[in-house]
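Here's the structure we're looking at; comments come further down.
The values are calculated or read from the model by the stated rules, or taken from the named source; none is laboratory data. Nothing here was measured: the structure is a model prediction, and the numbers come from that model. Virtual Cβ from ideal backbone geometry, glycine too; neighbours counted across all protein chains shown.
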Amino acid sequence: MKSRTNLFELDAANTNWPELVQMIADQPYPLHQSGLDALPGDASIFGLARRLQESKLAVARLRPKLKIGIVFAVWKETNRLLARTQDNPLGENSLAVKFSALEWLLKDSRIEWSMYVVDDGCPEQSGHVVEQLRRSLSCPERLHVDYLDRVVPGNRPPFHRLKSVNDSKKGGAIALGCLNAIKDNCDYVVYTDCDNSVHLGQLGTLLEVAERETLDAVLGDRQAPTSDFVKHPERRFEDDIARKVVAHIGRLMIPISLPLSDVPSPFKLFTAGFCNELMEELSVFDFAFDYDVVISIAAKDRKTRAVPYTFLDSYESSAWHSIGTYRIWADKLRGIATSVSKNGYAISATMREILLQLDSGEKIQAAMAASLPEAANNLQFGKLGNSSNWSPDEILTWLRKGS
């Protein structure tokens, strides 16, 4: 992982870094690595600028007239939606930044676009904040705001699987936004996060790959060899072993190869028809919903491709802080099991017992506080899910010893 220190120094100096990289990308000559030393700032800025330039060239090569819907959910996102001020030091002005990125990328192109924002039952009324920000946008007619509690409870798929908005953590809102975009006759639907971690100026690359290869989905993969996944310098790393243990157990449940290694990546593009199919069948609505989507893609054996992109970590206002890492991990394991079963695959009795041992955040935290076996300490992110490295029987034996 790379340090993002220089980007944060730029923010502290009140420099609008998204506009900075757009300005660099607009240079009339190709950006090559050899020019890095002459560029102020760090490699993260240059690498992103180069991706933006490639993305804009990709848009220029597209010939068909297309309509794109961009979707994101909001839950406790008021800080990041608003601009940075003394009273709001974690502000990202994220709605305006997303609009600016798309206007920059798609200006003078044959691509029409709209943005679909859905409030996921936010206690801070993030959806209303988005509506208030509408008047400051240069093209407010492109913004569509909806609320999950308008369709939950209800009989419409997939929302009939939710008893209340409290059963959703992002997944329900993303599904509603995607279905709204499809209803508006979008050809492609993209979902992302509310923050500025994904510069939407990179969208052109995904679109060109989808059109050129007639794919059902193009999935941004932060773990691809040529991706730039830039972690916030204050993000903690000491939970990496616990993360590997949980991820390994999750992967052991999945009996098929997945189309990308970075399942939760917040940059995914789908054709409208395939997106409609996936969203109406969605069965997992918390932070594990991406696993339901990706496992379903693999089970359906549809035409997809993973592509690299630049991701700049937005950490301080992450919803993970409100919900809790261990609870999210418990939801992840439960969600994977739900999706695997939904797609017709069996889960062994041993794996089911492991899930019972880890069915809450408190149980996972207690298990990780116990002495971990050598096999757990030796796990590597690139080889998770391989039972020869740490088998289900060995995991269950370890859990029973600690209980």
Region 141-179: number of residues that are in a loop (DSSP other than H, G, I, E, B), surrounded by 17 or more Cβ atoms within 10 Å (Cβ to Cβ) and either of a type outside the set (Gly, Ala, Ser) or over 20 Å from the mean Cα position of the chain (by Cα) (or both): 6
Those residues of region 241-272 which are among the charged types (D, E, K, R), at pLDDT 95 or above and farther than 24 Å from residue 195 by Cβ amount to 251
Among residues of region 129-163, those that are within 17 Å of residue 280 (Cα to Cα), of a type outside the set (D, E, K, R) and without any contact (Cβ under 8 Å) to a residue 40 or more places away in the chain, counted: 8
Among the numbered conditions (1) modelled with pLDDT of 90 or more; (2) more than 21 Å from residue 318 (Cα to Cα); (3) surrounded by 21 or more Cβ atoms within 10 Å (Cβ to Cβ), tell me where residue 22 comes up short. (1)
For region 372-381, which positions are over 28 Å from the mean Cα position of the chain (by Cα) and free of Cβ contacts under 8 Å to residues at least 24 places away in the same chain? 374, 375
Scan the helices (runs of 4 or more DSSP H) fully inside region 249-367 and keep the ones with 2 or more residues being more than 20 Å from the chain's Cα centre (by Cα). 289-300, 325-342, 349-357
Residue 83: of a type in the set (Gly, Ala, Ser), assigned to a helix (DSSP H, G or I) and free of Cβ contacts under 8 Å to residues at least 60 places away in the same chain, yes or no? no
Among the residues of region 86-120, how many are assigned to a loop (DSSP other than H, G, I, E, B) and surrounded by fewer than 19 Cβ atoms within 10 Å (Cβ to Cβ)? 10
I'd like to check something: does region 264-276 contain any residue that is touching a residue at least 24 places away in the same chain (Cβ under 8 Å), out of contact with any Pro (no Cβ under 7 Å at 6 or more places or on another chain) and under 25 Å from residue 351 (Cα atoms)? yes
Return the pairs, sorted by first residue and then second, in which the second residue is among the basic types (Lys, Arg) and surrounded by fewer than 20 Cβ atoms within 10 Å (Cβ to Cβ), the first residue lies in region 279-300 and is in contact (Cβ under 8 Å) with a residue 12 or more places away in the chain and at negative phi, the beta carbons are less than 6 Å apart, and the residues are 6+ apart or on different chains. 283/342
When region 52-80 is checked residue by residue, the ones that are among the hydrophobic types (A, V, I, L, M, F, W, C), closer than 13 Å to residue 126 by Cβ and assigned to a loop (DSSP other than H, G, I, E, B) are 75
Suppose we filter 238, 211 for residues that are acidic (Asp, Glu) and at pLDDT 95 or above; which single one remains? 211
